Amino acid sequence: PLPCSPRHFQCTRVCGRPYSCGRHTCQRVCHSGPCGACPSEGARTCPCGKVVHMDLSCADRVPTCGGTCGKLLPCGSHRCAERCHYGECTASCKATV
């Protein structure tokens, strides 16, 4: 007789187990083993994406860097001239094209 193979069950539902932070839950598809660290902890970038802040807790709001945002405006040709900020760029393109 052949030995039974180990069972490796996996469904298509979201895991949902809490991370060690106690604030967030695992959003991966059903898996075996540990979920790992909370993805909102550790190194994260400021809203404009230019400065990396290391070792942040998931409860910490990432600080703005004070630099120019620089994200592409809806016109597709110009960039946001506001300081690094949260949310959508509210500056409208004033340049004539």
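The values are calculated or read from the model by the stated rules, or taken from the named source; none is laboratory data. Keep in mind that what you see is a predicted model, and the values were worked out from it rather than measured. Note: ideal-geometry Cβ built from the backbone for every residue, glycine included; neighbour counts use all protein chains shown. Heavy atoms of the whole protein, side chains included, go into the accessibility calculation; ligands, DNA and RNA do not. Shrake-Rupley method; radii C 1.70, N 1.55, O 1.52, S 1.80 Å.
Okay, here's what the table says:
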| item | result |
| --- | --- |
| Normalised contact order of the chain, rounded percent, pairs of Cα under 8 Å and 6 or more residues apart | 16 percent |
| Förster radius 30 Å - calculated FRET efficiency between K50 and V29 (Cβ-Cβ, nearest 0.05) | 0.35 |
| Sparse-neighbour loop sites [trypsin sites (Lys or Arg not before Pro); the stretch 27-97; at most 14 other C-beta within 10 Å; DSSP] | R28, K50, R61, K94 |
| Binned Cα-Cα distances of the chain, short to long, each 5 Å bin given as a whole percent | 2, 11, 14, 12, 11, 11, 11, 9, 6, 4, 3, 2, 1, 1, 0, 0, 0 |
| Two-site label geometry, R79 and T64: point separation in nm, points 7 Å out along Cα→Cβ | 1.7 nm |
| Per residue solvent-accessible surface (Å²) - the chain, probe of 1.4 Å | 76 Å² |
| Percent carbon-and-sulfur accessible area, the stretch 23-63, ignoring ligands, DNA and RNA, probe 1.4 Å | 54 percent |
| Debye log10 I(q)/I(0) for the stretch 46-88, one point scatterer per Cα, at q = 0.13, 0.23, 0.25, 0.33 Å⁻¹ | -0.31, -0.77, -0.85, -1.18 |
